[in-house]
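Read through the structure below, which is laid out as structure tokens, and then see the notes.
The values are calculated or read from the model by the stated rules, or taken from the named source; none is laboratory data. All values derive from a computational prediction rather than experimental measurement. Cβ placement follows ideal geometry from the backbone for every residue including glycine, while neighbour counts extend to all protein chains displayed.
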């Protein structure tokens with residue numbers, strides 16, 4: 001049976017400047033951080049940039065971590081902010097001679113349900129998408145999301161409900177469109 005690392009001890013060591021402890025903490029959360037960045041930015045290249053920016057920002061700011069929230073929540077906040085900033089930057093840089101390089105990154109995977117979910121997420125308004133991603137992929141509580149976004153918890157509930165409804169509708173539409181194109 002694999003023993004789980006003591007995240008509290010690692011957090012204390014990291015905040016005291018221990019780079020190895022910081023690396024261990026990041027490795028524990030890496031998949032979830034990647035998912036948050038990817039689902040917010042919408043493509044792998046921007047997600048990689050956002051994740052890298054988030055990790056640099058987290059390391060630079062580790063001394064200011066107060067422990068008011070879990071370390072993972074603090075990291076998700078930094079990652080989601082970096083992903084939002086990357087999305088805004090990417091949308092302003094989007095017109096590269098009208099060619100979207102990200103569309104050719106994973107041609108074989110474009111028909112998978114994961115890609116349908118990705119496409120449906122991109123159709124959501126940013127506030128709904130970020131809220132949904134923090135809940136579904138970041139595994140944050142409603143209160144943690146409310147604190148992160150500086151909105152009332154009822155707004156989080158409302159956004160999640162609307163995001164789920166819009167996602168269901170978009171997924172149905174995307175699936176219907178695929179069937180119509182193949183048939």
If I ask for residues that are surrounded by 13 or more Cβ atoms within 10 Å (Cβ to Cβ) and either on the phi > 0 side of the Ramachandran plot or at pLDDT 85 or above (or both), which ones from region 162-183 would you list? 162, 163, 164, 166
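Per-residue answers, yes or no, for (1) surrounded by fewer than 16 Cβ atoms within 10 Å (Cβ to Cβ); (2) on the phi < 0 side of the Ramachandran plot; (3) at pLDDT 90 or above; (4) not assigned by TED's automatic domain parsing to the domain that holds residue 51:
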| position | (1), (2), (3), (4) |
| --- | --- |
| 73 | no, yes, no, no |
| 93 | yes, yes, no, no |
| 98 | yes, no, no, no |
| 101 | yes, yes, no, no |
| 149 | no, yes, no, yes |
Restricting attention to region 27-34, does a residue exist that is surrounded by fewer than 20 Cβ atoms within 10 Å (Cβ to Cβ), without any contact (Cβ under 8 Å) to a residue 60 or more places away in the chain and more than 25 Å from residue 126 (Cα to Cα)? yes
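Could you look through region 13-23, keep only residues that are assigned to a helix (DSSP H, G or I) and surrounded by fewer than 16 Cβ atoms within 10 Å (Cβ to Cβ), and pick out the one that is nearest to the chain's Cα centre (by Cα)?
My answer is 23.
Would you say residue 158 is modelled with pLDDT of 90 or more and under 12 Å from residue 128 (Cβ atoms)?
Working: modelled with pLDDT of 90 or more: yes; under 12 Å from residue 128 (Cβ atoms): yes.
When the stated conditions are applied, residue 158 passes them.
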(1) within 20 Å of residue 73 (Cβ to Cβ); (2) at pLDDT below 90; (3) part of a helix (DSSP H, G or I) all hold for residue 4 apart from (3)
So residue 57, is it buried (at least 17 other Cβ atoms within 10 Å of the Cβ) and either part of a helix (DSSP H, G or I) or assigned by TED's automatic domain parsing to the domain that holds residue 13 (or both): no
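Quick test for you: out of 139, 119, 106, 115, pick the one residue that is at pLDDT below 90, over 30 Å from residue 11 (Cα atoms), outside any helix (DSSP H, G or I) and touching a helix residue (DSSP H, G or I) at 6+ places or on another chain (Cβ under 9 Å). Steps first, please.
On the way: 139 fails: over 30 Å from residue 11 (Cα atoms); 119 fails: outside any helix (DSSP H, G or I); 115 fails: outside any helix (DSSP H, G or I).
The unique qualifying residue is 106.
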Suppose the filter is farther than 21 Å from residue 147 by Cβ and either assigned by TED's automatic domain parsing to the domain that holds residue 135 or under 16 Å from the mean Cα position of the chain (by Cα) (or both); does residue 30 pass it? yes
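Among the listed residues 69, 79, which satisfies the condition of being at pLDDT 90 or above and either outside the structural domain of residue 124 (by TED's automatic domain parsing) or surrounded by 13 or more Cβ atoms within 10 Å (Cβ to Cβ) (or both)? Show your work before the answer.
Values: 69 fails: at pLDDT 90 or above.
79 is the lone residue from the list that is at pLDDT 90 or above and either outside the structural domain of residue 124 (by TED's automatic domain parsing) or surrounded by 13 or more Cβ atoms within 10 Å (Cβ to Cβ) (or both).
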